[in-house]
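The values are calculated or read from the model by the stated rules, or taken from the named source; none is laboratory data. Because the structure is a prediction, the values reported are computed rather than measured. Virtual Cβ from ideal backbone geometry, glycine too; neighbours counted across all protein chains shown. Just the protein is used for accessible areas: all its heavy atoms, side chains included, with ligands, DNA and RNA removed. Shrake-Rupley method; radii C 1.70, N 1.55, O 1.52, S 1.80 Å.
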Amino acid sequence: MNKQYKSSKFFFIVICTLAFTLSLSALEVDKSELESAGSPDTVVFINYTGPHTVIDTAASIRAIGSSMGTVVGKMPASASSAGANNRYYIVHAVDPAEKGKLDADILFIGNNATVDHIVNLRRIISAYLSSAYNYSAKDADTLAVFITVYNAVYRGKIDAYQAKYKKIVMTNLTSASCGLALKYDEWPGNTQIVIPLFDAANGGLSTVDTSVISDTKVVKSMQEDNGKNIESRKQMVDIKEREADNEAGKAQASQKNAAEEQKKLVTEQKKNEEKKQEAVQAQKEADTAAKDAAAAQKNAAANPNDKQAQKAAQEKQQTAEQKQQTADQKQTDSEQQQQKTDVQQQKTDEAKQQAAEAQTQADKKQNEAQTERTEIAKDQQTVMDKAEADSKASAVYGMQLVDNKELLSGMVKVNAETGEIMQSSPVTYIRGRTVYTAEDNFIAIAGENSGNGAVKLILLDQATMEMIKESSETVAENSVLVQDGTDFYCVIQDGSNWVLGKYDAGLTLKLKSPVAVKNSTPVTISGDKIIVTGSDGKVRLLSKNDLSEIRAAAAANVK
């Protein structure tokens, strides 16, 4: 932000001008137009970024994922499930019997789930990965980013999942709910987040298939972001390079094992050849002995009174039988040795295949990492060039209408020379189309009354336009916000009534009116008086000093 635009005086002038002349100066873009902007594969998550009725801590949100991961992590090689069906639950869909396709974890967001921001959804996924598969927090956070973008890119594309995943995975997916919708209010009861598993049984760095969740479409979508998701992509490259190193180590170990198995195979093959030759030789000797026995038997039959011939025939027959027994045994030994050789051949082939697969995987990860590093370098330069151009450009702050029906707005930083939006506030639920400067921040009414959402008074950081604080009190949806010096007025809830609240620039409630007012009352400040519409529809005159009703006080004095 340029220094010349930092002064609160400047912001006051800009915002007040916008507040009173919105029809002329605001950027009126309907939310449906925002959602359809960009290419079909562009992923821009629409989160709820306003106040909440209950604020969950990051730790409590991560605990949702951790609890499910603890269950699945006990037996990662077996199919299982964890969590509560009506809120968040995981199906660990693995089937070792089916080859050629991927196992997966599927995160279901149930009807009663209250997650309304992609950051919190990623926290759940990250904590799950750390708990189930021992990923470091940093790696798990990176994977969670890619997993959500991957599921958004392939939202509803059941054929894309069918091509990659096993039957046990597909039985849990539907075309209407597979993947992740861009709008947070479509998540409950309508979300099946697929986490592709490369090596679920062993856990660790290669559990999740990083190649699948960072394919060309996913990366292209991430590049559509203004910052091009540089840091997340860098971290993914780092993961892939470590995966490549691990696979290269496995390949080296497998190659060594394959060499040892090959030596064993050579030994067994040599034994096998020897056994075959022995069997062949033994059978030859048996055949020769059988011929000699047949000849002696013939001679004995021709000379029945020749005892010597009879004895020779008997001896030759015994020798033939012995020789045949030896030949049969040699043949059995040869067959057994052949089986041993076949087993060793299979072990050797498997070892070689494991080495080849590990090396292929190492090469694949390394190539992906190198390619992406090149792309990141180009994108970094683009981002740097734009940042430099933006730093030199004059800028003004205004509001962009993002929902014409509900009249919800978000703040934007606009190039004063070109009209290009340089930065958009993540808070898109500002009500009443009114924002003021409050010391070093912006102040506005924001939020919605649905789910865990609430309407409150909030502070926005001037640099990032992110919400940094919200009021303790609930504000009326259609309340006006009025500034009077360093004080701000709006209609707040007080029990079952609506009253006028007076706040300082830090969102501290200074006063609230004892008289109930209409939740949509105009608030007119005139000198030391404030005019509002009471809950009975009548005009009420309040003292700015303590917000008491002046008419009631005067009547009391007369009596």
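Of the solvent-accessible surface of segment 254-373, computed with a 1.4 Å probe and all protein chains present, 45% belongs to carbon and sulfur. Between Q269 and Q281, the contour length at 0.36 nm per residue exceeds the alpha carbon distance by 2.5 nm.
Legend: translational diffusion of segment 411-520 by Stokes-Einstein, Rh = Kirkwood radius over C-alpha pairs, 37 °C, 0.692 mPa s; D = 227 µm²/s. Distant-in-sequence amide contacts of T533, defined by a placed amide H-H separation under 5 Å and a gap of 5 or more residues or a different chain, comprise K518, R540.
Suppose all protein chains stay in the model; what accessible area per residue would a 1.4 Å probe give for the chain, in Å²? Intermediate values should be presented prior to the final figure.
Numbers: 28030 Å² over 559 residues.
Computed with neighbouring chains in place, this is 50 Å² per residue.
Which residues among segment 454-483 fall inside the zone where the amide N is under 16 Å from a point 7 Å beyond the Cα of T508, along Cα→Cβ? Residues passing the 16 Å test: 470-473.
Note that segment 375-380 has calculated 3J(HN,Hα) couplings of 5, 5, 4, 5, 5, 4 Hz, one per residue in order, obtained from phi through the Karplus relation 6.51 cos²θ - 1.76 cosθ + 1.60 (θ = phi - 60°); glycine and proline are x. Checked against a 30 Å cut-off, the cross-linked pairs K220/K386; K164/K250; K275/K311 give Cα-Cα distances beyond that limit for K275/K311.
What is the dipole size for segment 410-559, taken about its Cα centre, with +1 at each Lys and Arg Cβ and -1 at each Asp and Glu Cβ, in debye to the nearest 20? Before the final figure, lay out the partial values.
On the way: 15 positive and 18 negative charges, 155 e Å.
Once rounded to the nearest 20, the dipole reads 740 debye.
Cross-link pairs exceeding 24 Å between alpha carbons, from the set K256/K365; K405/K512; K270/K316: K405/K512; K270/K316.
Carbon and sulfur together cover what percent of the accessible area of segment 467-559 at a 1.4 Å probe radius?
Working: 2310 of 4720 Å².
Looking at segment 467-559 in its full context, I get 49 percent from C and S.
Protection proxy ranking for 303-315, 419-431, 136-148, using the average of other Cβ atoms within 10 Å per residue and placing the highest first: 136-148, 419-431, 303-315.
For D199, neighbours were defined as the other residues whose beta-carbon sits under 12 Å from its Cβ, and their charges (Lys and Arg +1, Asp and Glu -1) total -4. Toward the positive end of the charge dipole of the chain, with +1 on the Cβ of Lys and Arg and -1 on the Cβ of Asp and Glu, the farthest Cα among N415, N478, S60 is that of S60.
Per atom type, segment 132-173 shows carbon and sulfur on 50% of its accessible surface, probed at 1.4 Å. For the chain, take the longest principal axis of its alpha carbons; what is the angle in degrees between that and the long axis of helix 58-74, to the nearest 10 within 0 to 90? For helix 58-74, the angle is close to 10 degrees. Semi-axes of the equivalent ellipsoid of the chain are 83, 25, 16 Å, computed as sqrt(5λ) over the eigenvalues of the C-alpha gyration tensor in descending order. In segment 321-431, the alpha-carbon atoms span a convex hull of 183 Å³ per residue.
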